[in-house]
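Visitor: One structure coming up, written as structure tokens, with questions to follow.
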Amino acid sequence: MEFAKKITESAEEIFSTMIFMNVTAGSPMEEGKEDLGCHVSAVIGLTGDLTAMLGIHCPEQVGLGISGAMLGMELNEIDADVKDALGEIANMVAGGLKERFSRENIKLELAIPTTVAGKSYTISSPTRSNRIVIPFSVEQGHFFIEIKYNLT
């Protein structure tokens, strides 16, 4: 199903056209329990011909930089504006994924994005889920886009 390729293409398109940032994808990580060292995450569910959760996980400075670029303003703390911006970015990346899967007659619907911020949290999913984590780089540092999915 080429999840990593579709996520990378969607993220590159969103970042170049909507956020006006250069983003570089790294090699996908498919196993392990990496500590991503992130302080803000936006997650969105996908349902339909598969069930999935797509998450964008950012260290504080990266989340501030990405959100600030999208909103056209300097941000200094993880506040409602940052959470809303990252939720919308997750929504747009998931929308790009939905569109790419629709080309293969795989139908998906998106849920409402949710954003979590803090110094220590864990996002988990059922143990039988498949997982892919793609590291991305921007000027401010690294962030990750993760998908956990089950084929229905």
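Visitor: Is it the case, given these coordinates, that residue 117 is buried (at least 18 other Cβ atoms within 10 Å of the Cβ), modelled with pLDDT under 95 and among the small types (Gly, Ala, Ser)?
Guide: Against the criterion (buried (at least 18 other Cβ atoms within 10 Å of the Cβ), modelled with pLDDT under 95 and among the small types (Gly, Ala, Ser)), residue 117 qualifies.
Visitor: Using the structure shown, decide if residue 111 is in contact with a strand residue (DSSP E or B) (Cβ under 8 Å, 6 or more places away or on another chain), surrounded by fewer than 19 Cβ atoms within 10 Å (Cβ to Cβ), modelled with pLDDT of 95 or more and small (Gly, Ala, Ser).
Guide: yes
Visitor: How many of the residues in region 73-97 are of a type in the set (Val, Ile, Thr) and either out of contact with any helix residue (DSSP H, G or I) (no Cβ under 7 Å at 6 or more places or on another chain) or outside any helix (DSSP H, G or I) (or both)?
Guide: Within region 73-97, residues that are of a type in the set (Val, Ile, Thr) and either out of contact with any helix residue (DSSP H, G or I) (no Cβ under 7 Å at 6 or more places or on another chain) or outside any helix (DSSP H, G or I) (or both) number 1.
Visitor: Here are the criteria: (1) among the β-branched types (Val, Ile, Thr); (2) loosely packed, with under 12 Cβ neighbours inside 10 Å; (3) in contact with a strand residue (DSSP E or B) (Cβ under 7 Å, 6 or more places away or on another chain). Tell me which single one residue 145 does not satisfy.
Guide: (2)
Visitor: Right, here's the next one. Of (1) at pLDDT below 95; (2) in a helix (DSSP H, G or I); (3) not aromatic (Phe, Trp, Tyr), residue 33 satisfies all except one. Which?
Guide: Result: residue 33 passes all but (2).
Visitor: While we're on this one: Being surrounded by fewer than 17 Cβ atoms within 10 Å (Cβ to Cβ), in a helix (DSSP H, G or I) and either among the charged types (D, E, K, R) or modelled with pLDDT under 95 (or both) is the filter here, so list the residues in region 98-108 that pass it.
Guide: Correct list: 99 only.
Visitor: Give all pairs with beta carbons closer than 6 Å in which a residue from region 77-88 that is at pLDDT 95 or above meets a residue that is in a helix (DSSP H, G or I) and surrounded by fewer than 18 Cβ atoms within 10 Å (Cβ to Cβ); count only pairs at least 6 apart in sequence or on separate chains.
Guide: Pairs found: 85/71.
Visitor: Among 51, 47, which is in contact with a Leu (Cβ under 9 Å, 6 or more places away or on another chain), over 15 Å from residue 140 (Cα atoms), exposed (fewer than 15 other Cβ atoms within 10 Å of the Cβ) and in contact (Cβ under 8 Å) with a residue 24 or more places away in the chain?
Guide: One residue alone meets the criteria, 47.
The values are calculated or read from the model by the stated rules, or taken from the named source; none is laboratory data. Note that the structure is predicted; figures quoted are calculated from it, not measured. Here Cβ is always computed from backbone atoms with ideal geometry, including for glycine, and neighbour counts include all displayed protein chains.
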